[in-house]
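Just below is one structure, and these are the notes that go with it.
The values are calculated or read from the model by the stated rules, or taken from the named source; none is laboratory data. Treat the numbers as computed from the prediction; the structure is a model and nothing was measured. Accessible surface is based on the protein model in full, side chains and every heavy atom, while ligands, DNA and RNA are left aside. Shrake-Rupley method; radii C 1.70, N 1.55, O 1.52, S 1.80 Å.
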Amino acid sequence: MSNTKFIRPKDVENIFSIKVSTLSKQRQGSYGLPYTVVGRAKNKKRGGVILYNVDEVNDYLTKKGRSTLY
């Protein structure tokens, strides 16, 4: 079993101080933090649960020169 920890956008906001609206804009623009969609039907652009892998978020922010809090 994997020890990968995923968090929701609201948790990203609480932990990393990146607003949910900013995360949404980044997803729509295909840039920013890496994310995963769970429960979305194939070939659909809507629905599902947006999740962020904590390790990937930390790596992304570190590469961008921002300190991580988690």
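So the values come out like this:
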| quantity | calculated |
| --- | --- |
| Added length on full extension, which subtracts the Cα-Cα distance from 0.36 nm per residue, Thr62 to Val20 | 13.1 nm |
| Close Lys-Lys pairs in the chain, where close means Cα under 26 Å and separation is 8 or more or interchain | 23 |
| Kirkwood Rh and Cα Rg combined as Rg over Rh, evaluated for the range 19-70 | 1.01 |
| The chain - percent relative contact order, Cα under 8 Å, separation 6 or more | 34 |
| Accessible area per residue in Å² at 1.4 Å probe, computed on the chain | 75 |
| Ranking by accessible area, most exposed first, for Leu33, Leu51 with a 1.4 Å probe | Leu51, Leu33 |
| Contour minus Cα-Cα distance for Val37 and Asp11 (0.36 nm per residue) | 7.8 nm |
